[in-house]
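Accompanying notes for the structure given below.
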Amino acid sequence: MQVTIGKVLGLGGALLGATVAAAACENKAEQKPGAAQSGALGASQSLKQLMEARGLTEADVEAALKTYVPGGKHDEYMIFASGGHSGQVLVLGVPSMRLLKVIAVFAPEPWQGYGYGGESDKVLAGGDQNGKRIGWADVHHPNLSETKGDYDGKFLFVNDKANGRVAVIDLGDFNTKQIVANPLVGSDHGGAFVDPNTEYVIETSQYPVPLGRDYAPITEYKEKYRGVAMFWKFDREKGRIDPAQSFAVELPPYTQDLADAGKLVSDGWVFINSFNTEMAVGGTLEGKPPIESGASKNDMDYLHILDWRKAERLVKDGKATTIKGMRVLPMKVAADEGALALVGEPKSPHGCDVTPDGTGIVVGGKLDTHATVYEFSKIKSLIDQKKFEGKDEYGIPILAFKESIRGQVEIGLGPLHTVFDDKGFAYTSVFIESVVAKWSMKDLKVTEKLSVHYNIGHIMAAEGDTVSPDGKYVVAMNKMSMDRFTKVGPLFPQNFQLVDTTGEQMRILVDAPIGIGEPHYSQMIKIDKLAPHAAYKPGENPYTGKVDPHAVLSPKDARIVRNGTTVDVYMTVIRSHFVPDRIEVDEGDTVNLHMTSLESAEDQVHGFALNMYDVNVSLEPGKHENISFKADVPGVFPFFCTEFCSALHLEMAGYFLVKPKGG
Ligand code: CUK
Ligand code: CUA
């Protein structure tokens, strides 16, 4: 049933009518004379005229009213969305779907001065592999830190599927503080998920390789190639992953896909789905079937069930081996000790989502039309009784499928991911059908399907991965947009659609084109759980959280200190000058710039750019930066502020002079 505008507007209608009257005047030429004099609009006749002029239906206006957030008013939720191949994280407000920020994570980002000579270079270096800089990433799954299964608003973790890395973002300043590279595998997918108290950040591999990434011929795939579940220990006090306290569990060379941590009753367990349990390795040039057909032969693949607390104990008891510096629990040990089991899952599945109460695990069939709901208590009792149907060729026990499930939901073509609301409903993204399927967790029956545009991948719900989802909103993260927006060349924007789930029927409120892609997952957190600071402590180094030992807290302390061929410049930055503003060094000198912003006012940001040397940093209020480089190019190089900080911003400049050798 359509809500009439009169109802939507309620008492505010007359007021709105008056406000839009002025706007409508500008469109007079387009107005049809004698436009509706009566109807649902009551007092707001000018609104009706405006609607006609713009070709809007009542449903459009209702959606607009539900999502419009006036300037100065704030959104109710915040989305942290994967920025896909950009390697970054997108921050959007809900319901407005306005882009608030792009957090620089795995790739340099000029505006934030991320990766251009300052302290952030050290963070990026954490993701180097074999001493090589990896210049991009494919971010898939942002996950917020949790306390007792609820988002606590403190940290965000994301994985880089392409290069097997995990990053830690501190939501105190929305800055990436750490990148760790998985030493065992080169790609991941089931990550970066957390357990309900964020003891670990979990990252499971995608494409099997010999652990440690050493060479072994592909003909030895079954013997030498492996998957892995990484448990990165998170030190909340330090706000960093501690690799020395982390461990991994070896997995068979099935292509592990998505994973989720148990919660409440299933806390302490991790569930990982997989495809290609056929272990197809391709060989298209030799006339063998490609991986895609080899991997889709069987009707069933395996859901991996891992008791991580037990695995953690086994590692502590010295049952792990060490590969490339990482403790790895062999799968044989894990299986024999009852920490690892498998259960069938149809068919090349995708999505693996634990229900808010922790009792169920939902796996999307992808090539099967069902979503399968596993019952944790059944799985647990089968494992406890050692009641197995058999073992796989690696000796891992297999539970009987029929005895492990609560049931199956007939979803449609291409079910992928599932999220939950506060009323006992689940929402599954259905890729091929391009719909969101809403189903009841009581009777496992689909109650409604909503067409989305188009080819939905992930789906996300407000506080959806917590023990107490909010309901209200679901976001369809669509892979294609086709006709939804103005064409921008052959690479189309991807399309987030905000869906209102409060009514009798789901309704799309707004399309949000995403110009950076390909986004995968996202999470939505209530805004009042976040408490980011608006400035740094005077002289704070964002990467230590402390006043930097090189901080310069007054222009009186600004100085240039030469020590042999090393030149340390202690610099202050405040509207609208640098002290010092002339730096002269000799060709070949090592130059260390230590600069502190003396600003304390909110949003009073400077930048520092030095051309020729690829130096570019952002100096938010209070922030301290250290920059080091070799002055190997003689000449005269202006340095200057890069943020329009004041009327004299362009005057905020200085000179860096490099005297040539023998000059
Ligand atoms: S995956 Cu992208 S649509 Cu990496 Cu979570 Cu399913
Ligand atoms: Cu400082 Cu512009």
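The values are calculated or read from the model by the stated rules, or taken from the named source; none is laboratory data. Being a predicted model, the structure only gives us computed values, none of them experimental. Every residue, glycine as well, gets a Cβ built from its backbone with ideal geometry; the counts of neighbours run over all protein chains shown. To get the accessible areas, we keep the full protein, side chains included, count just its heavy atoms, and leave off ligands, DNA and RNA. Shrake-Rupley method; radii C 1.70, N 1.55, O 1.52, S 1.80 Å.
General remarks:
- A count restricted to the stretch 436-462 and to residues that are open to solvent by less than 20 Å² (accessible area, probe 1.4 Å) and hydrophobic (A, V, I, L, M, F, W, C) stands at 9.
Residue by residue, here is whether (1) of a type outside the set (D, E, K, R); (2) open to solvent by 60 Å² or more (accessible area, probe 1.4 Å); (3) more than 35 Å from the chain's Cα centre (by Cα) holds:
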position: R562; (1), (2), (3): no, yes, yes
position: H577; (1), (2), (3): yes, yes, yes
position: H594; (1), (2), (3): yes, no, no
position: V605; (1), (2), (3): yes, no, no
position: N616; (1), (2), (3): yes, no, no
position: S628; (1), (2), (3): yes, yes, no
position: D632; (1), (2), (3): no, yes, yes
position: T642; (1), (2), (3): yes, yes, no
position: K659; (1), (2), (3): no, yes, yes
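- Residue match in the stretch 39-50 (condition: open to solvent by less than 30 Å² (accessible area, probe 1.4 Å), modelled with pLDDT under 95 and not in a loop (DSSP other than H, G, I, E, B)): yes
- Looking only at the stretch 574-606, and only at residues there that are farther than 16 Å from A551 by Cα, of a type outside the set (A, V, I, L, M) and more than 13 Å from ligand 2 (Cβ to nearest atom), the one that is modelled with the lowest pLDDT: E602
- Condition met for E393 (outside any strand (DSSP E or B) and over 30 Å from the mean Cα position of the chain (by Cα)): yes
- If you go through the stretch 276-300 and keep only what is open to solvent by 40 Å² or more (accessible area, probe 1.4 Å) and not in a loop (DSSP other than H, G, I, E, B), you end up with T284, L285, E286, I291, E292, S293, M300.
- Residues located in the stretch 182-210, provided they are of a type in the set (V, I, T), under 25 Å from K222 (Cα atoms) and buried (at least 24 other Cβ atoms within 10 Å of the Cβ): V185, I202, T204
- Search result, residues across the stretch 98-108 that are surrounded by fewer than 24 Cβ atoms within 10 Å (Cβ to Cβ) and in contact with a helix residue (DSSP H, G or I) (Cβ under 9 Å, 6 or more places away or on another chain): A107, P108
- Any hit, the stretch 67-75, residues being in a helix (DSSP H, G or I) and at pLDDT 95 or above: yes
- Selected residue [outside any strand (DSSP E or B), in contact with a Pro (Cβ under 8 Å, 6 or more places away or on another chain) and open to solvent by less than 20 Å² (accessible area, probe 1.4 Å)] from G172, G118: G172
- Assessment of the stretch 498-521 against the conditions (open to solvent by less than 30 Å² (accessible area, probe 1.4 Å), of a type in the set (V, I, T), assigned by TED's automatic domain parsing to the domain that holds N175 and in a strand (DSSP E or B)) yields at least one matching residue.
- Filter result for A653 (more than 12 Å from ligand 2 (Cβ to nearest atom) and open to solvent by less than 70 Å² (accessible area, probe 1.4 Å)): no
- A single member of E410, E403, E433 is assigned by TED's automatic domain parsing to the domain that holds Y521, closer than 30 Å to L342 by Cα and surrounded by 15 or more Cβ atoms within 10 Å (Cβ to Cβ), and it is E433.
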